[in-house]
Structure formats: C-alpha cells, structure tokens
Amino acid sequence: MDLLTTTAQKSSFAVKTAITVNGSLHELEIEPWTSLLDLLRERLQLTGSKKGCDHGQCGACTVLVDGVRVNSCLCLAVMHDGADVTTIEGLGSETNLSPMQQSFVDHDAYQCGYCTPGQICSAVGMLHEGHAKTEDDIREQLSGNVCRCGAYPNIVAAVKHLMASGQEGTR
Amino acid sequence: MNNFEYVHADGLESAATFMAGHAEAKFIGGGTNLVDLMKYNVEKPTALVDLNRLSLREVEEMPDGGVRIGALVTNSDVAYHSLISARYPLLSRAILAGASAQLRNKATTGGNLLQRTRCVYFYDTAVPCNKREPGTGCPAKEGVNRSLAILGTSVACIATHPSDMCVALAALGATVQVTGSKGDRSIPFAEFHRLPGDQPEIDTTLQHGEVVTSVDLPAIGFAGHSAYVKVRDRQSYAFALISVAAGLELTDGLITQAGVALGGVAHKPWRNAQLEQELLIGKPANRDTWHIFQQALLAGAHGFGENDFKLKLAPVTVVRALEQAAHEGAQA
Amino acid sequence: MNTHLIGTDVNRIDGPAKVSGAAKYAAEFFAPEMLYAVVVSGTIAHGEISSMDTKKAMEVAGAVEVFTHKNRPHMAWRDKSYLDEDAPTDGKPLRPLYDEKILYSGQPIALCVAETFEAARAMSRLIEVSYKSLTHQTDLAIAVQEAKKIEGTNRTGIEPPPKPRGNSARRLQTPRSSWPRSTTRLPRSTTRWSCSQPP
C-alpha cells in the first residue's frame with residue numbers, strides 16, 4: 001500500500017500485523033507503541049520472556065526473531081509483520097526440555113531464574129551464529145545477558161557443555 | 001512514550017515526501033537507540049517511518065576498489081562479513097567491541113551513525129540539557145561528566161558520540177551516501193558528525209527527511225596494520241571511556257598511509273588528517289613518532305573534573321593503538 | 001556438619017519450570033479485567049509538591065485513575081503501624097503518596113492506572129507537577145557529621161548482633177599457606193568454591 005494513502009485513510013494508529021510465535025500465527029491489530037516484549041507477555045500471555053530493565057541493558061527479554069537473538073523490549077511489535085518469533089516457551093516445555101534447557105538444569109545455571117529464559121534464548125542464538133569457540137568467547141558473546149544472582153560460571157559451563165556436544169540447543 | 005503514527009517506507013521518494021509534511025517524524029531502522037529514547041520521553045516523534053522494506057541490505061565491492069555497506073545492514077552482518085573482516089579488520093573489531101550481540105543483531109549501519117549521546121543529563125528529562133531542550137543549560141560541566149568530552153566542547157555542551165563503529169569509519173575515511181527531496185549527496189565521514197558549538201541539539205549535517213543509503217569504504221582498508229583499542233569500565237558491553245582506531249600502511253618501516261581516530265573524547269569521532277600528513281606520513285613507525293603525534297592531536301584537550309583522567313588516558317591509548325597497529329597488525 | 005552438598009550441582013525442583021519459562025513471577029498472573037499501573041517519581045530531592053495536574057493524563061484512551069496524595073485510600077499515620085521485626089527502629093517507613101512532602105529524589109508521587117500498560121505509561125509522562133524546593137544534602141561526608149549514633153535497641157525478641165571475634169586483618173598479613181584449611185574432601189571441583197574456614 002502506498003505510504004501517503006495509508007496515512008490519509010488512517011482513523012486510528014493501530015496497525016494490522018501478522019506474527020508467528022512459536023509456530024502459531026497471530027493476526028493482530030497492534031498500536032505502534034507496543035513493544036514486542038509487551039505483546040508477548042501481556043497480550044499473548046507468554047510470560048517466559050522477562051522484563052528486566054526494559055531498555056536493552058539486561059537481556060532478560062531476549063527472543064529469537066527469524067532465528068536471530070534480539071532484545072524484544074527494544075522491538076516495536078508492528079515492525080515484525082511476517083516475522084517468525086521463538087520464545088523460551090517455543091524451545092521446549094517443562095516436560096519436554098530442549099538440550100540447552102536440559103543443560104541449564106544439569107549445570108544448575110541459575111538461582112532465581114529470572115534471567116534464565118533470556119540466557120537460554122541468547123545462548124541458542126549464539127550457537128546458531130557460530131562465532132564462539134572458547135570459554136572466553138562464550139563470556140563475551142553472552143555479555144548482553146546479565147545475571148544478578150551471579151550464576152555466570154554455571155551458565156558458561158552449561159553452554160560450553162552443549163557447544164562441545166555439537167548440538168545447537170534446539171530440538 | 002507518546003502515541004505516534006507508524007508507516008512503512010515503500011520507496012525512498014515516498015519516504016521523502018512523507019517527511020516533508022511531517023516535521024516531527026523520524027525514520028526508524030533497528031530502533032535500538034530510538035525506541036529506548038522514546039521510552040525515556042527524550043525522543044517524541046509524531047510518526048515513525050520504517051525503512052526496513054527498502055533494499056539497502058547489501059555489502060558489495062565497488063568499481064573503485066572500495067566496499068559499499070547498505071544502510072540497513074546490521075552491525076553483526078557488517079562485522080562478520082568476509083569482505084569486511086578480511087579487508088577492513090579495524091571496522092570488524094570496532095563493531096564487535098561495542099554493545100551486545102543482541103543489539104548488534106538489530107542495530108543498522110545507518111542507525112549506528114545517528115545514535116545519540118549517552119550523557120545522563122540528556123537522558124533525564126527532569127534536568128536541563130541544551131541538546132535535548134536548547135537554551136536550558138548544561139549541568140554536565142560541573143556535574144557527572146566522567147564519560148564526557150575533553151576536545152571540541154562548547155559552553156553549551158560537552159557530550160560525546162557513543163559509537164565504536166564510527167571511530168573506525170572515521171579512521172578509514174569512509175563516505176556517507178544520503179538521499180532526500182533535494183537529491184543525492186556524498187558526505188565525507190569527517191563532515192557527517194558536527195561539534196556542538198551553540199547548536200548542540202544538532203548531531204549531524206543530515207537534513208530533515210534525508211536518508212542514509214550507504215556507507216562507502218575506500219580501497220585502502222589498513223588490513224595489514226590496524227588496531228582498535230577500547231578502554232572501558234568493564235571488559236565487555238560498556239561504552240568507551242577512550243577508544244582509538246589506528247590504521248597504517250608501512251613500507252620499509254616508514255609510514256605511507258595513516259588514519260587515526262578517537263572515540264569517547266568529543267561530540268564526534270576525533271581525527272585530524274592534516275596532522276597525520278605532517279607528523280606521520282614519511283616518518284618511521286616508532287614510539288617517538290607516536291609521541292610527537294599524540295601531543296599535537298590532543299593539544300587543547302581539557303577536562304571538567306570527573307573526566308580529567310582522560311587527559312592522561314588519551315595519550316597513552318593513542319600510543320598503544322599505533323604501536324599495536326604497527327607491530328601486531330591484523331592480529332591486534 | 002554435613003558438607004557433601006558444597007560444590008555439587010544439585011537439580012532444583014523448580015529447574016524445569018524456570019528453564020522453560022513456566023515458572024510464574026509476581027507480575028505474571030492474569031485476572032479478568034486486570035488493570036495496569038505505572039509509578040510517577042518525584043524529580044526533586046527535598047521539598048513539597050505545590051500542585052499536580054492530572055487532567056491531561058486522564059484524557060489518554062484507557063485511563064482509569066491517577067492516585068496522588070490527594071486521593072489515595074486511607075493509610076495509617078503512626079510510624080509504629082509500619083514496624084515489623086526487621087524494620088529499623090529509627091527513621092520513617094516508606095509511605096507512598098502519603099502527603100505533599102518530598103523526602104528524597106525519585107520518591108513515588110503518583111500512580112497512573114489504565115486498561116493497558118502502554119496507556120498507563122503514556123499517562124505517567126503527562127502528569128504536570130510543580131514543587132517548592134528545599135535545600136538538600138547528598139554528600140555523605142558532610143551529612144555524617146550531623147548523624148546521630150543509635151544506642152541500644154528497642155526491638156523486642158531480637159538478639160543484638162554478635163560481638164566481633166578473631167582478627168582478620170592480622171590473619172591476612174600471614175602467608176596464605178598458614179591459613180586454616182578445610183579437612184572436608186569436596187566431592188567435585190574445589191576451584192569453583194573457596195573454603196578457607198574449617199567446618
């Protein structure tokens with residue numbers, strides 16, 4: 001649709017947006033000031049993605065958009081028409097964990113667990129990117145995910161274990 | 001965040017037309033800085049024009065031997081692109097020294113150029129700031145200024161440009177291609193960002209409605225001898241206190257080409273090509289040369305209290321980056 | 001003392017819930033017709049609110065109410081009503097929206113309630129406040145000179161903290177090799193934990 005006619009015809013600010021989340025297509029009317037994170041948490045009630053700082057500093061909101069890890073708090077939902085979003089709920093469920101999730105359990109890679117979904121989505125995205133080779137690389141590549149409990153050694157161990165196994169973390 | 005209209009730009013022309021009729025509208029690429037500033041009510045656009053449907057996502061070799069980076073190529077895609085990492089390792093390293101993986105995955109090349117200062121007074125709408133609200137004053141000069149400028153400051157503003165990527169682009173001598181209702185322009189990188197002067201609210205020479213379409217790199221990429229040294233409060237995911245991008249071409253120990261730019265010291269990446277010509281070109285690549293050069297480059301620097309330490313840190317960082325570039329080359 | 005768990009990775013009973021996003025945190029429960037609220041914080045360190053205008057905020061689509069010190073529900077006024085076992089016996093408890101007085105920077109001064117989070121957030125930036133500012137002191141080195149020393153405790157049923165024992169400063173001056181060591185063999189990597197106190 002032409003940009004100028006779009007503007008003239010608009011009676012409200014809401015924009016028709018179709019987003020696939022964890023395999024399900026959602027056709028929604030979204031106000032442009034809604035973040036992808038708030039859409040996921042409040043509208044779709046997928047609260048696995050966490051709101052920490054809401055400013056792109058903590059990484060708790062990390063999700064995979066078309067397979068790429070991003071901070072969903074800094075994404076406007078309307079900018080993701082046609083996108084394929086994977087959240088922590090899409091990686092695996094409580095009774096059917098993905099390898100990365102299982103590795104976090106096995107290595108006790110959390111305490112309170114609030115940063116954990118973001119850590120796991122970020123780690124899955126990192127393995128997919130394929131730039132991390134060493135433990136130091138893992139620390140550098142995951143520096144956008146802050147853990148206030150300080151579970152970093154176990155997080156690195158969990159990710160390193162999966163990296164060594166050659167798996168990508170998803171099923 | 002205020003309410004705003006959201007539209008897609010389906011072409012550069014319609015985008016320019018829309019902008020001409022909307023003085024308070026803004027373009028959005030990755031949005032990693034703009035959306036954040038909107039959440040703080042620092043940016044209050046009445047409309048956002050999403051550029052993401054434009055085909056500005058290519059990294060391509062140019063007939064002149066340079067490389068063109070489309071404005072919508074993400075910071076990650078630039079840093080890891082085989083052409084960039086092989087021919088412009090300085091740019092790859094600078095990008096990877098900045099932000100987090102998630103932010104680099106979202107942030108675009110054009111947007112990186114247009115990100116705004118992280119001065120705390122700029123972000124806090126409860127306090128005066130000449131950059132945010134012209135004429136209200138600048139409390140930073142007597143206040144929290146640890147991260148702020150030591151060069152090119154004005155009475156009105158001592159903000160720093162926060163980008164790492166731009167420091168490398170300045171050292172490389174890139175060119176910014178823009179387009180708007182008045183046609184296309186090529187802006188040399190040194191002229192893209194401006195010093196604050198008495199109009200600190202204006203960061204760049206880009207006009208309202210103009211879009212960055214690409215950043216063009218020259219043929220010489222300093223692939224043999226370059227270094228990006230970034231000094232910061234923590235090892236990763238922190239803005240530079242001081243950063244130096246240094247690129248050299250050497251023949252028999254003598255410097256034949258040079259590009260040196262500093263981040264974290266001014267309202268724009270700090271480079272002085274004339275000094276490079278006078279004090280680096282034709283000189284031996286050794287510490288004496290670096291020392292004479294840094295003294296001239298940093299002449300006139302002054303601190304504002306908390307950031308006085310930069311007056312000592314900047315010279316040693318310049319010397320270290322040049323030394324590293326000369327001796328360690330691409331492995332630095 | 002049983003120390004076999006030190007240094008051992010132990011699967012938490014809530015682990016699978018936490019790694020799958022199923023674990024519910026405070027803000028993750030939904031109720032029919034649930035409303036959202038955003039706090040407005042004061043922008044001066046000391047003084048009082050002289051006026052507040054909430055009209056523009058209430059014009060936001062989806063706005064429900066703005067609570068301020070003028071229209072908040074009833075709250076206890078005696079400090080004692082807020083005391084629990086852990087509360088300090090001196091000073092004032094946090095009483096958000098209690099009155100017009102501003103005691104510190106960032107003090108909550110209004111609560112915007114709306115049908116959506118976004119509407120409440122939009123409201124929060126439309127509250128117009130004017131203040132009467134008083135002087136403040138944020139330099140701890142100066143403020144400490146005016147501080148008073150608290151003698152004793154009037155909390156009942158709570159033991160005072162134990163007296164200091166040992167001399168860590170002197171111990172740290174001796175070679176590390178002479179420090180007491182744990183005689184307990186740790187089941188797994190000991191490098192992940194430092195254990196220099198005997199059990």
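We did not get these values from a lab; they are worked out from the coordinates using the rules stated. It should be emphasised that the depicted structure is a prediction, and the values quoted were computed from it without experimental measurement. Counting neighbours? That spans all protein chains shown, and the Cβs are built from the backbone with ideal geometry, glycine included.
Note on chain A: with a GNM built from Cα contacts shorter than 10 Å, the maximum mean-square fluctuation among A:Leu36, A:Leu97, A:Leu64 falls on A:Leu97. Considered as an equivalent ellipsoid built on the Cα gyration tensor, segment A:3-90 has semi-axes of 23, 14, 11 Å, the largest given first.
Helix B:287-297 and the long axis of chain B differ in direction by around 40°, with both axes built from C-alpha atoms.
Could you tally the net charge around B:Ile158, taking each other residue with its Cβ under 12 Å from the Cβ of B:Ile158, Lys/Arg +1 and Asp/Glu -1? Neighbour charge sum, excluding B:Ile158 itself: +2. Of the residues B:Leu275, B:Leu262, B:Leu51, the one that moves most in a GNM of chain B with alpha-carbon contacts below 10 Å is B:Leu275.
Each label point was placed 7 Å from the Cα along the Cα-to-Cβ direction; for B:Asp10 and A:His26 their separation is 2.7 nm. Take each residue in A:31-40, count the other chain C-beta atoms within 10 Å of its C-beta, and the mean is 5. If I take R0 = 56 Å and measure r between the Cβ atoms of C:Leu35 and B:Asp252 in this structure, what FRET efficiency does the formula 1/(1 + (r/R0)^6) give, to the nearest 0.05? Working from the Cβ atoms, E equals 0.15. Dividing the summed helix terms, -39500 (n - 2.57) for each DSSP H run of n ≥ 4, by the number of residues in the protein assembly as shown produces a 222 nm estimate of -6500 deg cm²/dmol to the nearest 500.
Please find the FRET efficiency linking C:Asn167 to A:His55, where r is the Cβ-Cβ separation and R0 is fixed at 45 Å, and quote it to the nearest 0.05. Approximately 0.50, to the nearest 0.05. Springs join every pair of Cα atoms under 10 Å in this Gaussian network model of chain A, and among A:Leu44, A:Leu91, A:Leu127 the largest mean-square fluctuation is at A:Leu44.
Between Rg and the Kirkwood Rh of chain A, both from Cα atoms, what is the Rg to Rh ratio? Expressed as Rg/Rh, it is 1.03. The label-point distance for A:Gln45 and C:Glu48, in a model that sets each label 7 Å from Cα toward Cβ, rounds to 4.7 nm. Shielding value for A:67-77 is 6, the average number of Cβ atoms from other chains within 10 Å of each residue's Cβ. Each residue, C:Ser81 and B:Asn2, gets one label point 7 Å from its Cα in the Cβ direction; the gap between the two is 4.1 nm.
Within the set of other residues whose C-beta is less than 13 Å from the C-beta of B:Tyr40, count the net charge using Lys and Arg as +1 and Asp and Glu as -1. So the surrounding residues net to +3. Computed from the Cβ-Cβ distance with R0 of 35 Å, the FRET efficiency linking C:Glu65 to B:Lys312 stands at 0.05. Placing +1 on the Cβ of every Lys and Arg and -1 on the Cβ of every Asp and Glu, with nothing else charged, gives the protein assembly as shown a dipole about its Cα centre of roughly 2520 debye.
In the protein assembly as shown, the alpha-carbon atoms span a convex hull of 221 Å³ per residue.
Coordinate range of the alpha-carbon atoms in chain B per principal axis, descending: 59, 50, 34 Å. Taking 0.36 nm per residue of separation and subtracting the Cα-Cα distance, full extension of the segment from C:Met58 to C:Thr3 would add 13.9 nm.
Zone of B:Arg185 (label point 7 Å along Cα→Cβ, backbone N under 12 Å): which residues in segment B:204-228? Within reach of a label on B:Arg185: B:204-212. Find out how many positive minus negative residues lie around B:Thr289, taking Lys and Arg as positive, Asp and Glu as negative, among other residues whose Cβ is under 13 Å from that of B:Thr289. It works out to a net charge of -2. For peptide B:100-113, the mean count of partner chain Cβ atoms within 10 Å of a residue's Cβ comes to 6.
Across the alpha-carbon atoms of segment A:92-165, the computed radius of gyration and Dmax are 11.1, 32 angstrom.
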